[in-house]
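Report on one structure; see the data block that follows.
The values are calculated or read from the model by the stated rules, or taken from the named source; none is laboratory data. Since this is a predicted model, take the numbers as computed values, not measurements. Positions of Cβ are generated from backbone atoms using ideal geometry, with glycine treated the same way; all protein chains shown enter the neighbour counts. Keep in mind that these areas ignore ligands, DNA and RNA; they rest on the heavy atoms of the full protein, side chains included. Shrake-Rupley method; radii C 1.70, N 1.55, O 1.52, S 1.80 Å.
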Amino acid sequence: GSGASSDSHAHELDFSHFFPPTHFMEEEIQSFAAELEEKTDGRIKITSYPGAALAAPDEHFDAAATGSVDFALSVHGYTPGEFPLTSVMELPFMAKTAMSGSENLWKLMNEFDEFDAEYAGTVPLWLYTTDPGQLFTVDKPVKRIEDLKGMKIRSPSPETSEWLEALGATPVSMPMNENFEALERGVVDGTIAPWEAVKTWGLDEVINYATVGNFYSTTMFVVMNEDVFNRLNQGDQDMLLELAGERMAKKTGEVFDQYGRDAVEQAKVKGVEIYELSSTELAEWNEFINPTIESWINQVEGKGLPGQAVYDRAVELSGQ
Amino acid sequence: MSPEWIGIIGIVALLLLFVLRVPVAVSLIMVGTVGLALIRGWDAALVQLGTTPFSTASSYSLSVIPLFILMGMFLSYSGFGRDLYTAVDAWIGHIKGGLAMTTIGTSAFFSAISGSVNATTATMARISLPEMKKYKYDDALSTSCVAAGGTLGILIPPSVILVLYGILTMEPIGKLLIAGLVPGILQMILFMLLIYIMVWRKPSLAPVTEKKPFAMKIKSLTFVWPFILLFALSIGGIYYGYFTPTEAGGVGAFGAFLLTIMARRLSFEHFKKSLSETTRLTAAIFFIIIGADIFSKFLALSTIPVKITQYVSGLALPAMAILGLILLVYLVLGLFLEGIAIFVLTLPVVYPLITMLGFDGVWFGVVMILVMNIGLLTPPMGLSIYIISSVAKEIPAQRIFKGVIPMLGMMVLCLILIVVFPGIVLFLPELMK
Amino acid sequence: MPKLLEKSESLVIKIVGIQGQIANGVLLFMMAIISFDVIGRNFFNHPLKGTYEMTELSSAMLVFLALAITHQRGNHITIDFLVERFSKKAQNLLLGVVEMVIALVVLLIAMHIFENGLRMMERNSATTDLGLPVYPFLFIIAFTLTTFMLLAFFKAIAYFRMAVIKG
Ligand code: NA
Ligand code: NA
């Protein structure tokens, strides 16, 4: 884009994401679009395409980077290996809330220049995490490590699989849309997921116990095609970055937290028993979980990236 | 040109390419790509060509299709399929259309294993079409049985689409899955009734065989056990949680493989044929699904589905009239789009309206499945028909499209019954607490 | 020149056949890993790591490895009723043009899948559990599509020849 600030005509842009059209994130996107349109005097007009209608969930980053859509929102974890540093937030105990996780992720991204390579071809607008992942089980509550022995648990990431195995559980990989029937029929005995997903995917119909330990965070990105961004005039670019960024990271985090709290309430009404691991109990779990964190750091350092520094800073930000 | 017009021209172009004998898959890819290019530019459109084929072909929920087909091949080449139909012939061969009804019944059973119409249709086509041909059943009748029976796949639980509907609308998934059962059985009975009437009016469609002596009936059963065993293992495995419906394809194929080996019924030649026929059939089906994916991205961007739905939703008419119009729109969209695409594009407008008008959300999920199933059997984008036509290469797609019309009539009748008597859908889920 | 054409045609057909054989192997592999995973998970508390992603990759490999042989055997779905009414010559001409169109479309897909593979290579895209790089699979797919394209091209020539010779 050579004529960076030359044009002032309207841009009609497409925003693609995988969330169901009825999900609250669609509302968030709509309100972001409305604000942006208003603040740019109608020069940027966004149409949202929910439900992965324009690209498969794991194609979203590429779709934005190559310009097949203008904006894309998806989960980093759907394309493993492509976001080595961002994946620090997927490690256990990184965030107690979506709001703090989102804020910290956005800070990390801005503090470490090495993040930029992960988002090549796009302009990252905001990053965020969902409310932390907890352990949900069907037939048996998990209060101590021994309870977990031999249980089949659906795992969201290879790191989670690793420590689940260390704790004596059997990790199972499967797509989220099979999780309900798998839990219902007993193909798996439990799952690791955020409260948000429990409500979204109706899992509270089948699970009976929750063990709260903040084991995992799903991280998501909202990015824009770089060329399209460069085609906007300077004022609109600034306005877009101002409206997005930390503001939206926090706002999205807050919405996930609120929805997560609603999910907890709804689960309680449905009779789900919730057990919160104490810090002494968690210390015990930690012995089994720590090797996973170390191997994550080694792996990232092995790629010539500052894994240790990013991890340390992430821990510092989380205030552990 | 507005996206809507590009969409309409795209549909016309698609029909034109079809009749000029461009393969269905290639036509869909061409029109989809050019359409995307006209709306979003060539770069964006061509990028889709580099991503969609791989992501569609590597989709986990579709990966089950070849395995289910392979299971059907093993059962067919080993002669177990033939034995099943011999037994059925021994018991009910003298009844009008007995084998055709059996095909519907077996599909219903099979639907308890498979959560998708594609897998049910492909497997049943492979098992039943050669047998019905042997008994000189009319092509149109036998293929339409398989097409109709296959649609039971997503009504009778498990059902991938009803789970998706639950997620989109937050209706309870457990209730939705149960809700499909009775309509599935009703649909099955209607199909059987239709077959009986058709054969009664025109006996040459399905020649009856003479009544067999009782000893022979008993003897015929001895060969059916592998079939029953395999079904029992698969259904049991799913309901007791040993494997998911997706995995059932792999386990079923493996089980069929072991059975045929142990019974010494599968020659190496047939084994190789089973494999290569399965891979070719899979390639043909997936090529079309890839095309349909690209084409539906184009239709989504043309905004036609959303615009029509919004228009109908905005009309000031009585609830029943609005419902009727919505169903009509779905039937039209079903001509060109696959079920999941229709769900995603229209539900945000339609679902809130439907519940506001006082209709039950669980009930509407089942209604949508029925409408979507109709779309699977209608041209130009009728995936079930294309699947059957790739199994039965000698029967052209347009013949199957024509033959299936009476079955479509039954599906519409079932739809009407369910709209008039919602209790058919709702009484089972209401029994759940 | 015709000799060279014939030779390359038979080479392409040979490759198409080999790809088909490999597809059959992939199918067996899929069946085996899912079964072992299910058995391992339920009876030995030990699932087969990476079954989910290997199933996905196998599915894609199977489809693209078999795509060309499916075309060679004429198993891709077409709608025939109108063309059947044309004269033999017109039919052959039309089918030749259709094959050229197929070749062009498939070539475009092959090129863009290859490009996508380059991107995936650059981005270190890998599978979830086993961390397998994704790009080699995309390169294989681009190759299988190239043989598909050549096959369609040779089919086109054959149709055009028939249109000329048989009239
Ligand atoms: Na089913
Ligand atoms: Na249709």
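For the reader, a short list of remarks on this structure follows.
- If you go through the range C:110-156 and keep only what is among the polar types (S, T, N, Q) and not in a helix (DSSP H, G or I), you end up with C:Asn124, C:Ser125, C:Thr127, C:Thr128.
- Single residue of B:Thr121, B:Thr102, B:Thr86 found to be within 16 Å of ligand 2 (Cβ to nearest atom) and either at pLDDT 90 or above or away from every other protein chain (no Cβ under 14 Å) (or both): B:Thr121
- Here C:Phe137 qualifies as at the interface with chain B (Cβ under 10 Å from one of its Cβ atoms), among the aromatic types (Phe, Trp, Tyr) and under 21 Å from the mean Cα position of the chain (by Cα).
- Unique match (being surrounded by 16 or more Cβ atoms within 10 Å (Cβ to Cβ), in contact with a Pro (Cβ under 6 Å, 6 or more places away or on another chain) and touching a residue at least 40 places away in the same chain (Cβ under 8 Å)) among A:Gly121, A:Gly133: A:Gly133
- Helices (runs of 4 or more DSSP H) within the range A:153-244 that include 3 or more residues touching a Leu at 6+ places or on another chain (Cβ under 9 Å): A:158-166, A:179-185, A:234-243
- Helices (runs of 4 or more DSSP H) fully within the range B:284-387 that include at least 3 residues being open to solvent by 20 Å² or more (accessible area, probe 1.4 Å), within 12 Å of ligand 2 (Cβ to nearest atom) and in contact with a Leu (Cβ under 7 Å, 6 or more places away or on another chain): none found.
- Subset of the range B:235-273 (residues that are within 22 Å of C:Glu53 (Cβ to Cβ) and within 8 Å of chain C (Cβ to nearest Cβ)): B:Tyr242, B:Phe243, B:Glu247, B:Gly249, B:Gly250, B:Val251, B:Ala253, B:Phe254
One line per residue, one yes/no per condition, for (1) acidic (Asp, Glu); (2) open to solvent by 30 Å² or more (accessible area, probe 1.4 Å); (3) closer than 22 Å to B:Leu164 by Cβ:
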| position | (1), (2), (3) |
| --- | --- |
| A:Thr200 | no, no, yes |
| A:Asn208 | no, yes, no |
| A:Phe215 | no, no, no |
| A:Asp238 | yes, yes, no |
| A:Gly253 | no, no, no |
| A:Ala263 | no, no, yes |
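- Residue tally, condition assigned to a helix (DSSP H, G or I) and touching a residue at least 60 places away in the same chain (Cβ under 8 Å), over the range C:38-55: 3
Yes/no per residue for (1) touching a helix residue (DSSP H, G or I) at 6+ places or on another chain (Cβ under 7 Å); (2) touching a residue at least 24 places away in the same chain (Cβ under 8 Å):
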residue: A:Glu273; (1), (2): no, yes
residue: A:Ser278; (1), (2): no, no
residue: A:Ile289; (1), (2): yes, yes
residue: A:Thr292; (1), (2): yes, yes
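- In this structure, B:Ser128 does satisfy being over 14 Å from the mean Cα position of the chain (by Cα), open to solvent by less than 10 Å² (accessible area, probe 1.4 Å) and among the polar types (S, T, N, Q).
- Every condition in (1) away from ligand 2 (no atom under 16 Å from the Cβ); (2) in contact (Cβ under 8 Å) with a residue 40 or more places away in the chain; (3) among the small types (Gly, Ala, Ser); (4) more than 9 Å from every other protein chain (Cβ to nearest Cβ) holds for B:Ala37 except the one numbered (2).
Conditions (1) more than 21 Å from A:Ala98 (Cβ to Cβ); (2) out of contact with any Lys or Arg (no Cβ under 8 Å at 6 or more places or on another chain), marked per residue:
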| residue | (1), (2) |
| --- | --- |
| A:Thr219 | no, yes |
| A:Met224 | yes, yes |
| A:Arg231 | yes, yes |
| A:Glu254 | no, yes |
| A:Ile274 | no, no |
| A:Ser278 | yes, yes |
| A:Ala283 | yes, yes |
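- Condition met for B:Gly184 (open to solvent by less than 40 Å² (accessible area, probe 1.4 Å), free of Cβ contacts under 8 Å to residues at least 12 places away in the same chain and in a helix (DSSP H, G or I)): no
- Filtered residues of the range A:273-290 (kept if within 24 Å of the chain's Cα centre (by Cα) and open to solvent by less than 70 Å² (accessible area, probe 1.4 Å)): A:Ile274, A:Tyr275, A:Leu277, A:Leu282, A:Trp285, A:Asn286, A:Ile289, A:Asn290
- Condition check for A:Val222: open to solvent by less than 10 Å² (accessible area, probe 1.4 Å), away from every other protein chain (no Cβ under 14 Å) and in contact with a strand residue (DSSP E or B) (Cβ under 8 Å, 6 or more places away or on another chain): yes
- Within the range B:274-317, the set of residues being over 18 Å from A:Leu54 (Cα atoms) and more than 10 Å from chain C (Cβ to nearest Cβ) comprises B:Ile308, B:Thr309, B:Gln310, B:Tyr311, B:Val312, B:Ser313, B:Gly314, B:Leu315, B:Ala316, B:Leu317.
- A:Ser16 falls short on exactly one of the conditions (1) open to solvent by 10 Å² or more (accessible area, probe 1.4 Å); (2) modelled with pLDDT of 90 or more, and that condition is (1).
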